[in-house]
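Everything on this sheet refers to the single structure shown next.
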Amino acid sequence: MAAKQNHSIEGVLFDWDGTLINSYDADRSAYLAMFEEMGISWGIEELEKNYSPDWYQVYRAAGLPRRRWADADRAWRAHYAKHRPKLIAGARRILARLGGAHPLGLVTSGDRDRVTRQLREFRLTTLFAARVCSGDTLRKKPHPEPLRLAMRQMELDPSACVYVGDAPQDVEMAKRAGVRAIGVLGPFPTEKRLRAARPEFLIGSIEELPDVLKKIAPLIVRVS
């Protein structure tokens, strides 16, 4: 195997909630309604302090017994369905621009049914070469397994990819998978922990992503 210099990123992979879709109001409202239904005396302060893309971590922090997790899932989904989140400002334009130059992937902790429905509603179904959702792997973020699965589906080496997300778990997953992590500030209450996770780049808006990709040093891509 020989190595050659490639002056472009081979794959750009994204988180979904908070990175490409502004779902915080829907997510927060669904959580608060579910907490009330489950008899959990949590408000927005407790939710923001303990928020994680892995909702089972939230359940654990709230002291919800495992036997009630399925009921909590059903309650959350029922309340979330009352809302219609919108794409992050500029996300459609940036995805279209990047999609013309790079294969794109989606790695999210969101339920496949919900994410697939939203992709269809936003007419983004065919944009991503790989879509890895909750349940597609045994382990969730921040374990690298979801990101590794997407890269295998895209037939890409980690050194030739970047992952863009708004939570510290996104950064940790990327680093553990050998992928460059780009943090983006979004609507979810994760900014302080995202900064502490020290992504390679931190941007204030998804619209800054193309300029960041231009700054990344040439990558080594293995070819036969």
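General remarks:
- Helices (runs of 4 or more DSSP H) contained entirely in the range 133-207, each with at least 3 residues that are within 24 Å of A101 (Cα to Cα): 145-154, 168-177
- Criterion applied to A96, A61 was being outside the structural domain of L124 (by TED's automatic domain parsing) and of a type in the set (G, A, S), and the one residue passing it is A61.
- Of the numbered criteria (1) buried (at least 18 other Cβ atoms within 10 Å of the Cβ); (2) over 13 Å from G105 (Cβ atoms), the one Y163 fails is (2).
- For L87, the conditions (1) surrounded by fewer than 13 Cβ atoms within 10 Å (Cβ to Cβ); (2) under 24 Å from E207 (Cβ atoms) all hold with the exception of (1).
- Residue check for L185: surrounded by fewer than 20 Cβ atoms within 10 Å (Cβ to Cβ) and at pLDDT below 95: no
- The condition of being modelled with pLDDT under 95, surrounded by 22 or more Cβ atoms within 10 Å (Cβ to Cβ) and either basic (K, R) or farther than 17 Å from G105 by Cβ (or both) holds for only one of K192, K214, K141, that being K141.
- Which numbered condition H83 fails, given (1) out of contact with any strand residue (DSSP E or B) (no Cβ under 9 Å at 6 or more places or on another chain); (2) modelled with pLDDT of 95 or more; (3) not small (G, A, S): (2)
- Whether a residue is touching a Lys or Arg at 6+ places or on another chain (Cβ under 8 Å) and over 13 Å from E10 (Cα atoms) was assessed, and G178 does not pass this test.
The values are calculated or read from the model by the stated rules, or taken from the named source; none is laboratory data. Fair warning: this is a prediction, and the values are worked out from it, not measured in the lab. Using ideal geometry, Cβ is built from the backbone for each residue, glycine included, and neighbour counts are taken over all protein chains shown.
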